Amino acid sequence: MLLRFTWPVIAAALAAAMTGCFNSAQPVSEIHGHAMGSTYSIKWVDGSDTPPPAALKASVEELLAEFDSEVSTWRTDSHLARFNAAPAGSCEEMPASVLELVALATSLNERSGGAFDVTVGPLLELWGFHGSPRRQVVPEPDELAAALERVGQRHLRIQGSTLCKDAPVMVDLSGIAAGYMVDRVAEHLLAEGITSYMVEITGELKAAGRKPGGSPWRIAVEEPRNDRRMAQVIIPLDGYGVSTSGDYRNYFERDGQRYSHTFDPVSGRPVSHQLAAVTVLHPSTAEADGLSTILLVKGPSDGWDYAVKNGIAALLVIRMGDGFVSRSTPRFRSLKRGKE
């Protein structure tokens, strides 16, 4: 099974830098496989009535396959693909997953002043971060203006069980889709009687409960380096999702200028600040997914102010000369210490 999504330009690296700290000598079950063009991994502590790994793997992959048929932008027969192919002024019946994701995206868009937008696909293609051939060049002003006419979450609305658009926009939910499915799989585990688990899908991650011996699940946040991967901080998790967005692996350079694949959806241009990566902790992994993108778009100053004002647990990694400096919000520091 191959589930593939076009990652929007503002979604950055998501949490691909996240890895779970795990002692394989402990009596913990594990399954893994392919999901959304990448991989998934689930670890859990067995109980007396929990299903065997093979059965759990089958049920999880059934969930992932159903989700793929609903929101994938890589297949023409998905519900979302059919919506994207429909003309402006039309409405299409949508499954609950699409409606829930669009509702969350709308909330994130409104709360952030437009820093999160699921219709930025035309910008991604224009700047050469998607499509074939990939012509990574700086577009002309008239090209940018034309692309921006096909961007704007304000053109979407939910009407009952349908999704409607009043402009020829195309929706890509990848910026929160992985986090959403992490939450869905976590709910599935709870329904199967599993209360201690760690779920990771394409780098988005959530953990709850305790491992045998009483120790918490822990994850390592990567230092944003191009040459090698290094753990920057270790965080205990219990009931929280984790998402990391960064621009340090996907960019191009022209005439000495660095163009990140992280975009300001309002201006249609790549952000040019020094914020390299953002990690967010939140009880909702989908929410963490979107918030990490919002903070990355807003930058080191405005992003920090937004996170502190809204009580977001966030770690900001900022370029400083040839290296990086980290800045964590009070809420993040509290969770890092394992305190609520």
Please state which one of Leu316, Leu291 is in a strand (DSSP E or B) and among the hydrophobic types (A, V, I, L, M, F, W, C).
Leu316
Within segment 124-135, take every residue that is assigned to a loop (DSSP other than H, G, I, E, B) and of a type outside the set (A, V, I, L, M, F, W, C) and give me the one that is modelled with the lowest pLDDT.
Pro133
Of the criteria (1) modelled with pLDDT of 95 or more; (2) within 14 Å of Pro265 (Cβ to Cβ); (3) open to solvent by 10 Å² or more (accessible area, probe 1.4 Å); (4) not basic (Lys, Arg), which one Gly121 fails
(1)
Output the number of the condition that Thr293 fails; it satisfies all remaining conditions of (1) hydroxyl-bearing (Ser, Thr, Tyr); (2) open to solvent by 20 Å² or more (accessible area, probe 1.4 Å); (3) closer than 24 Å to Gly128 by Cβ; (4) in contact with a Gly (Cβ under 8 Å, 6 or more places away or on another chain).
(2)
Looking at segment 259-266, can you tell me whether even one residue there is over 16 Å from Thr285 (Cβ atoms), modelled with pLDDT of 85 or more, open to solvent by 30 Å² or more (accessible area, probe 1.4 Å) and in a strand (DSSP E or B)?
yes
Take Leu99 and tell me if it is touching a helix residue (DSSP H, G or I) at 6+ places or on another chain (Cβ under 9 Å) and either among the basic types (Lys, Arg) or in contact (Cβ under 8 Å) with a residue 40 or more places away in the chain (or both).
no
Consider Gly268 against the criteria (1) touching a residue at least 12 places away in the same chain (Cβ under 8 Å); (2) touching a strand residue (DSSP E or B) at 6+ places or on another chain (Cβ under 7 Å): it satisfies all of them except one. Which criterion is unmet?
(2)
Could you please find all residues in segment 136-164 being modelled with pLDDT under 85 and closer than 26 Å to Asp302 by Cβ?
Val138, Pro139
Would you pick out the residues in segment 78-111 that are open to solvent by less than 10 Å² (accessible area, probe 1.4 Å) and under 16 Å from the mean Cα position of the chain (by Cα)?
Ser97, Val98, Leu101, Val102, Ala105, Leu108
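The values are calculated or read from the model by the stated rules, or taken from the named source; none is laboratory data. In this text, all values refer to a predicted model and were calculated from it rather than measured experimentally. So basically every Cβ, Gly included, is an ideal-geometry build from the backbone, and we count neighbours across all protein chains shown. Note: areas computed on protein heavy atoms with side chains; ligands, DNA, RNA excluded. Shrake-Rupley method; radii C 1.70, N 1.55, O 1.52, S 1.80 Å.
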